[in-house]
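First up is the structure itself, then whatever we jot down about it.
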Amino acid sequence: MRFSVLASGSTGNAVYVENDEHAFLVDVGLSGKKMEQLFAKIDRDMSKLSGILVTHEHSDHIKGLGVVARKYKIPVFANEKTWQAMDGHIGNIPTEQRFHFDMEAVQSFGSLSIESFAVSHDAIDPMFYVFHEGDRKLVIITDTGYVSDRMKGIIRGADTFVFESNHDIGMLQMGRYPWSIKRRILSDVGHVSNEDAAIAMSEVVFEKPTHIYLSHLSKDNNMKDLARMSVTQTLQSNGIITGEFVHLHDTDAEEPTLLVTV
Ligand SMILES: [Zn+2]
Ligand SMILES: [Zn+2]
């Protein structure tokens, strides 16, 4: 199994996952044109996609969904409530391209199994995905206000995590956002901070090589260096030295991460 975080952040999210038989895109949060550019950068072709997996209906996850799905005739998977919530925002998706991926379900595509799980976020029925192939496990978890014990049970022991590290609490509190938005971000259905993400990470990593991609960084309330430093420190105070088993990686709002094997 190989993957690339094509783009990550409040301006648009998309993660590419493939094995030898199938290729999937989790969310299409950028315009069709930008998506084509990102695919070109990893030397892949959108017409080869087996499916698009939708996490939730926020625009930073579905902005280019309709355009891309129609142009390349790609099957789209989402749960029922998310389909309803997307209605009127993505244009018409032909019936033969509309598929259900229920909450807390597993669907298999050859040797690749994909598992959905619920997160805590202010969308209608938000969920993220775990990819399994053989003994390898890739977890994508962003857009959640906190990481519950239930979520930890599902994501535990992955080889690679695409993990939300949304904001620095100090920057958010000092920043220019109105109080209502600050309260939303900090709430149980908003986004996880660098520190809270790292505390959760420390509870789900095993003593084996583990790669964590710090994702969905806020443009206004975080910085790559700060996220990395803060996560490193919090992991350390929870007994995990980065560089030993756990390796941290940046993601970017516009540049894909290297397509690597999980
Ligand atoms: Zn969201
Ligand atoms: Zn988002």
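Every number here is computed from the coordinates shown, using simple stated rules; none is lab data. This is a predicted model, so every value here is computed, not measured. Backbone-built Cβ (ideal geometry, glycine too); neighbour counts: all protein chains shown.
Note that segment 166-172 has calculated 3J(HN,Hα) couplings of 6, 8, 8, 4, x, 5, 5 Hz, one per residue in order, obtained from phi through the Karplus relation 6.51 cos²θ - 1.76 cosθ + 1.60 (θ = phi - 60°); glycine and proline are x. Which residues in segment 67-82 place their backbone N less than 16 Å from a point set 7 Å from the Cα of GLN97 along the Cα-to-Cβ direction? Inside the label zone: 67-78.
Report the convex hull volume per residue for segment 146-262, counting only C-alpha atoms, in Å³.
103
Of the GluC sites (Glu not before Pro) found in segment 178-262, those in coil by DSSP whose Cβ has at most 16 other Cβ atoms within 10 Å are GLU207, GLU244, GLU254. Adding -39500 (n - 2.57) for every DSSP H run of four residues or longer, then dividing by how many residues the chain holds, sets the calculated 222 nm ellipticity at -8000 deg cm²/dmol. So what does the Cα-only Debye profile of the chain read at q = 0.10 Å⁻¹, as log10 I(q)/I(0), no solvent term? Debye output, listed in q order: -0.45. When each of the peptides 6-18, 218-230, 90-102 is scored by the mean number of other C-beta atoms lying within 10 Å of its residues, the order from highest to lowest reads 6-18, 218-230, 90-102.
DSSP bridge analysis restricted to the chain gives an antiparallel fraction near 50%, rounded to the nearest 5. Volume per residue of the convex hull around the Cα atoms, evaluated for segment 38-140, comes out as 115 Å³. Full extension of the chain segment joining LEU258 with ASP87 gains 58.2 nm, where the gain is 0.36 nm per residue of separation less the Cα-Cα distance. The tail of the calculated P(r) for segment 1-71 beyond 16 Å holds 37 percent of all Cα-Cα pairs. Taking the empirical scaling 2.2 N^0.38 Å for compact globular proteins as reference, segment 178-247 has a Cα radius of gyration ratio of 1.19.
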